[in-house]
1. Filter the range 56-66 for residues that are open to solvent by 10 Å² or more (accessible area, probe 1.4 Å) and either part of a helix (DSSP H, G or I) or within 24 Å of E153 (Cα to Cα) (or both) and give the result.
2. Tally up the residues in the range 116-138 that are in contact (Cβ under 8 Å) with a residue 12 or more places away in the chain, more than 21 Å from V78 (Cβ to Cβ) and open to solvent by 30 Å² or more (accessible area, probe 1.4 Å), please.
3. May I ask you to verify whether V174 is closer than 17 Å to R117 by Cα, in a strand (DSSP E or B) and either modelled with pLDDT under 95 or among the hydrophobic types (A, V, I, L, M, F, W, C) (or both)?
4. Would you be able to tell me the number of residues in the range 1-49 that are in contact (Cβ under 8 Å) with a residue 24 or more places away in the chain and assigned to a loop (DSSP other than H, G, I, E, B)?
5. Please go through the range 145-171 and pick out each residue that is under 16 Å from G110 (Cα atoms) and either touching a residue at least 60 places away in the same chain (Cβ under 8 Å) or part of a loop (DSSP other than H, G, I, E, B) (or both).
6. Please determine whether any residue of the range 84-95 is within 16 Å of A161 (Cβ to Cβ), in contact with a strand residue (DSSP E or B) (Cβ under 9 Å, 6 or more places away or on another chain), open to solvent by 10 Å² or more (accessible area, probe 1.4 Å) and not hydroxyl-bearing (S, T, Y).
7. Which one of the conditions (1) crowded, with 18+ Cβ neighbours inside 10 Å; (2) in contact (Cβ under 8 Å) with a residue 24 or more places away in the chain does Y113 fail to meet, given that it meets all the rest?
8. Which of the residues that make up the range 67-115 are of a type in the set (S, T, Y) and outside any helix (DSSP H, G or I)?
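The values are calculated or read from the model by the stated rules, or taken from the named source; none is laboratory data. Nothing here was measured: the structure is a model prediction, and the numbers come from that model. Quick reminder, even Gly has a Cβ in these numbers, built from the backbone with ideal geometry, and neighbours come from all protein chains shown. Ligands, DNA and RNA are excluded from the accessible area calculation, which covers all protein heavy atoms including side chains. Shrake-Rupley method; radii C 1.70, N 1.55, O 1.52, S 1.80 Å.
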Amino acid sequence: RAPRQISIALTNRCDLACAHCYAPKSRDELRFDTVTRWLAEFDVAGTLGVGFGGGEPTLHPEFVKLCQYAAHQTRLSVSFTTHGHRVDAEMADHLRGSIHFIRVSMDGVGATYESIRRRSFAELLVRLKDVRSISRFGVNVVVNEHTLPELDEVARVSADAGACELLLLPQIPVRS
């Protein structure tokens, strides 16, 4: 008996500082050998897939290597959730053939996205082309008073970029 899907936060690090984020920020990260041991155990037990997250999983120093291990040394389906800004053509080349699905967090469009994520929305759209070259992908949106009025536009932009899924997440209040 095993869980069908497991989620592993590879690191608590993130290079963004979104106001609504509830994830703890620290430099903590899991060791490669620990994660690969878990993956092997879950695979033998019958788990079907692993989703890597964080923090920002692409900040883990051995992120690509972990994805490749999971995809080629186990029978697990591999997915990850990312803000997308670190996925470039080089990373895409290394991940292609190892990833089954990617979730990209995109809260709003244009100025709304930039005010929340403090990153360029135009740059995210460029990165989505690299994401799309790796595997099928979906877009996650935290729904709040800023993003709610833009959900139709988020859906349009996501579809135009090639997303096959739109996941709406309620904002979880952060304690001060």
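1. Matches in the range 56-66: L59, V64, K65.
2. First, the residues of the range 116-138 that are in contact (Cβ under 8 Å) with a residue 12 or more places away in the chain: 116-119, 121, 123-125, 127-138.
Narrowing further to those that are more than 21 Å from V78 (Cβ to Cβ): 116-119, 121, 123-125.
Next cut, open to solvent by 30 Å² or more (accessible area, probe 1.4 Å) only: 118-119, 123, 125.
Matching residues across the range 116-138 total 4.
3. Values: closer than 17 Å to R117 by Cα: yes; in a strand (DSSP E or B): no; either modelled with pLDDT under 95 or among the hydrophobic types (A, V, I, L, M, F, W, C) (or both): yes.
No: the conditions fail for V174.
4. Going through the range 1-49, the residues in contact (Cβ under 8 Å) with a residue 24 or more places away in the chain turn out to be 1-23, 25, 29-30, 32, 35-36, 38-40, 42-43, 45-49.
Narrowing the set further to residues that are assigned to a loop (DSSP other than H, G, I, E, B) leaves 1-4, 10, 12-23, 25, 30, 46-48.
Number satisfying all stated conditions: 22.
5. E145, H146, T147
6. no
7. Of everything listed in (1) crowded, with 18+ Cβ neighbours inside 10 Å; (2) in contact (Cβ under 8 Å) with a residue 24 or more places away in the chain, Y113 misses just condition (2).
8. Residues of the range 67-115 of a type in the set (S, T, Y): 69, 74, 77, 79, 81-82, 98, 105, 112-113, 115.
Listed by number, the residues that qualify are T74, S77, S79, T81, T82, S98, S105.
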